[in-house]
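K.L.:
I have a structure here, written as structure tokens, and I will follow up with some questions on it.
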Amino acid sequence: MNTAQIVQRDNVAAASSDEALIRLEADFAEDGRYGLRTMEVTTTCVRILEPGSAQSCVVPISQIKTARNEPLVGGGRLEIMTHTGDFIPLVSYSLSVAAKFSEAARGIEQLSKGEPLSINLKHERVRCEKCGRLLPDKDGVCPACVNRGKTMLRISRFLWPYRYRAIMLAVLSLAATALNLAPPFIQGSLIDSVLQQHRHIEKLWLLMGAWLLVLVASSGVQICTGRLIAFLAGNIAADLRSAVYRAIEFLQLTYFDKKQVGAIASRVTSDTDRVWGFLVDGLPYLLLNGILMLGIVSFLFSTNWELALAILAPIPIVTGISAWYWRPMSQMFHKVGQKWARFHTHLNESLQGIRVVKAFAKEDLEFGKFQQRNAELRDAGVNVDTRWYTLFGAMTLFTSMGTVINWTVGGLMVYRGALTLGEFWRINSLLMLLYGPLQWFAQVNQWFSRAMAGADRIFELMDMEPERYGDSGVHKKIEGEVEFEAVRFGYDKSNPVLKGLSFTVTPGEMIGLVGKSGAGKSTTINMLCRFYEPDAGAIRIDGVDYRDIALQDLRSQIGIVLQEPFLFNGTIADNIAYGKPGATFEEVIAASRAANAHSFVLSKPDGYDTMVGERGAKLSGGERQRVSIARAILHNPRILILDEATSSVDIETEKQIQEAIGRLICGRTTFAIAHRLSTLRNASRLIVLEKGEIAEMGTHAELMEKQGTFYNLVQAQSAINEIIGVGAAG
């Protein structure tokens, strides 16, 4: 059957009797220009509906073998391959809807194989559903629409463990308010009772003594309040950092595939520091002066309500200005946070890759990139600070008007005898206490905006779905039987890396995974570690679906030796013991001997106390690899994964590593990916992968005798080695 026979032109009304399970609108017309076309997928066919036409292009589901998305410049195209090998380009679309068509391709394949439809057409959000603004991150939080009250409530929950100290702080704040209100009353009494009447000199000493006591008490309350604030803010900030770090540690690996390390690190550092800054400076200032202002306003109205109304007239203007600037300032602070994240990302990346930078003499290029990020951060900071100083200047103007009003209206009242000089002075002193904090509420607004922007980014991360470590799965000791049953997986769901992978491994068996780059070897290992889960099919450990095994139990019984082993910045002993916390020094040495690492460790000046440096930079590649093998030996896993463990070392070191691996794999189920195919001679079986499928399976001898895919790979590698050998000899 050819393509012309498969693709039919039917009347739309007749075709629509079959209910559409998937319905998507593409934004490219058939001629490649922007235009509307509709794709509908039913249980029996895939049809493309042209606007204003009574015809539709229909492809029967029964004739479809695979569906895939072909990337194009600025968009993509959904293509179908029939059972006869014909490719049918169905519909083209722009990048804005590419994710949906990627899922649709997977759904078409599911229906063509008789599987239940299981896809997710919910695409990543790039705009806020409420206000329509572009989101800082896909599926992220809109800074303009975040509920500040809820954010503050979440921050306050971190206060619960320290609630008694928080109550004490509130009591001290009330005491501080009362003490701050006392001096103006003392001054007013001094003017009316002593200075104006020129008598009652004994009252002068009494009032001065009271004033001195107020000052001493105020100083004591201030010290206690400051110590409480330092304790609460420091502990809450530490708890926030811990909560954020723990949330990061338990996020799914797909999150780290999308985010850069520097951007993640900025959430733990810069964003938590903003919240800490508000807790240390902004919140106490707001609490203390808020209570003080309420007390002052109450006194003003009780003394002379007419003068109080006149004095407080600028406050609605000041409040209106703050409210007007609130939302744009908050968004600008959020942008500053993003710029900091980009700055941290570049800084982290350039420092980690400093050897590559120097090897290619690209210091100037990296400095140029740094300057760009630095300039973006500078411009964002200058922009937001410029806005704030404008706000602060306006606030200063209107708050200063309160003093002018008091001297004008209050002065007239004193002149006419409606107000005593002491009362006027008392009100004037209280006015300074009122408008001083009110003027600096703009600063509090800045602190609060920064803190809310940081808190939003923190809570956005904490609200992401973590790995299911808390699942009440089966707790079991793994024996080592592994079964892949029709496992299908793709990082892009429409272009699977593994296409129905099926094999069974018995306990203690060593399996070699072989294939060209991109064949699916590392993905198979990632699936086994449950870094990702199958889109279809199942993986079983000892006959149990590994999704039913507690994740902690599963991973604690799997050990990995990577091509580029990662060592932590600590001692050699610490890195070996990482595989078994609490291991004795004798156990560390025994694991080191088994890994052929003991001799080189003793040759170091500090032996097992030698610091390995960042990522093990102070050790050679072979030394790092043997330390990582010792770590795996001490970990004592039931399933072992060797990912190109000897690909980047010399022959002598490889021999030592192979001896260590020989001891390590004894009695364990082992999966090995090897750069040198000859190192897999002792494997129980080899699985040869090609484009996500098993091309061959058997022992090294069987596959060589078969002279198929594996044989060709060995011959190609031998030819390359001969060429390299000739070049080296020359």
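K.L.:
State the extension gain, in nm to one decimal, for the chain segment bounded by K580 and E614, taking 0.36 nm per residue of separation less the distance between their alpha-carbons.
P.N.:
On the way: separation 34, 0.36 × 34 = 12.24 nm, distance 2.10 nm.
The span from K580 to E614 would gain 10.1 nm if fully extended.
K.L.:
Which residues' amide hydrogens lie under 5 Å from the amide hydrogen of I641, considering only partners 5 or more residues apart or on another chain, with H built in the peptide plane?
P.N.:
G559, I560, V561, F671
K.L.:
Quick one: which of K130/K335; K499/K580; K259/K691; K113/K691; K130/K369; K65/K691 span more than 25 angstrom between C-alpha atoms?
P.N.:
Numbers: K130/K335 19 Å; K499/K580 37 Å; K259/K691 27 Å; K113/K691 19 Å; K130/K369 35 Å; K65/K691 16 Å.
Exceeds cut-off: K499/K580; K259/K691; K130/K369.
K.L.:
Related question: Label segment 487-629 by shape, choosing from rounded, prolate and oblate, from the square roots a ≥ b ≥ c of the eigenvalues of the Cα gyration tensor; if a/c is under 1.5 it is rounded, and otherwise prolate applies when a/b is larger than b/c, oblate when it is not. Display every interim value, and only then the final one.
P.N.:
Numbers: a/c = 2.58, a/b = 2.01, b/c = 1.28.
The shape class here is prolate.
K.L.:
So, for segment 463-583, what is the accessible surface per residue at a probe of 1.4 Å, expressed in square angstrom?
P.N.:
Values: 5210 Å² over 121 residues.
Heavy-atom SASA per residue in segment 463-583 reads 43 Å².
K.L.:
Estimate the FRET efficiency between S517 and T38 by the formula 1/(1 + (r/R0)^6), using the beta-carbon distance for r and 35 Å for R0, to the nearest 0.05.
P.N.:
On the way: r = 39 Å, r/R0 = 1.12.
For S517 and T38, the calculated efficiency is 0.35.
K.L.:
Okay, next question. Based on the inverse mean of 1/r over its pairs of different Cα atoms, what is the Kirkwood hydrodynamic radius of segment 530-579, in Å?
P.N.:
Numbers: mean 1/r = 0.0743 Å⁻¹.
Kirkwood hydrodynamic radius for segment 530-579: 13.5 Å.
K.L.:
Same structure again: May I ask you to list the trypsin sites (Lys or Arg not before Pro) in segment 541-626 that are in a DSSP loop and have at most 11 other Cβ atoms within 10 Å of their Cβ?
P.N.:
On the way: sites: R547, R555, R593, R615, K618, R624, R626; in loops: K618.
In loop regions of segment 541-626 (DSSP not H, G, I, E or B), there are no sparsely surrounded trypsin sites (Lys or Arg not before Pro).
K.L.:
In nm, what is the difference between 0.36 nm times the number of residues separating R663 and L351 and their Cα-Cα distance? Could you put the intermediate results ahead of the total?
P.N.:
On the way: separation 312, 0.36 × 312 = 112.32 nm, distance 3.75 nm.
Extra length available between R663 and L351 comes to 108.6 nm.
K.L.:
Obtain the nm distance between the two label points defined at L117 and L253 by a simple spin-label model: each point lies 7 Å from its Cα along the Cα-to-C-beta direction.
P.N.:
Roughly 3.1 nm, to one decimal.
K.L.:
Using the beta-carbon distance between A719 and R593 and R0 = 45 Å, what value does 1/(1 + (r/R0)^6) give for FRET efficiency, to the nearest 0.05? Show your work: numbers first, answer last.
P.N.:
Values: r = 39 Å, r/R0 = 0.87.
Result of the calculation: an efficiency of 0.70.
K.L.:
Quick check: residue separation of T408 and V297 times 0.36 nm, minus the Cα distance between them. What number comes out in nm? Can you show the working numbers first?
P.N.:
Numbers: separation 111, 0.36 × 111 = 39.96 nm, distance 1.90 nm.
Here the answer is 38.1 nm.
K.L.:
Using 7 Å Cα-to-Cβ label points, what is the E30/E363 separation (nm, one decimal)?
P.N.:
6.2 nm
K.L.:
On to the next question. Could you give the nm distance between label points at Y711 and Q372, where each point is 7 Å from its Cα heading toward the beta carbon?
P.N.:
The modelled label-to-label distance comes out at 5.2 nm.
K.L.:
Which GluC sites (Glu not before Pro) does segment 477-559 hold that lie in a coil by DSSP with at most 16 other beta carbons within 10 Å? Don't skip to the answer; put the middle values down first.
P.N.:
Working: sites: E479, E481, E483, E485, E509; in loops: E479, E481, E509.
Answer by residue number: E479.
K.L.:
Would you please give the FRET efficiency between R681 and C529, computed as 1/(1 + (r/R0)^6) with r the Cβ-Cβ distance and R0 = 25 Å, to the nearest 0.05?
P.N.:
On the way: r = 26 Å, r/R0 = 1.03.
After rounding to 0.05, the efficiency reads 0.45.
K.L.:
Within segment 150-173, list the residues whose amide N lies under 11 Å from a label point set 7 Å along Cα→Cβ of D239.
P.N.:
Counting only backbone N, you get 155-166.
The values are calculated or read from the model by the stated rules, or taken from the named source; none is laboratory data. Keep in mind that this is a model prediction, so the values were computed, not measured. So basically every Cβ, Gly included, is an ideal-geometry build from the backbone, and we count neighbours across all protein chains shown. SASA here: full protein model, heavy atoms, side chains in, ligands and nucleic acids out. Shrake-Rupley method; radii C 1.70, N 1.55, O 1.52, S 1.80 Å.
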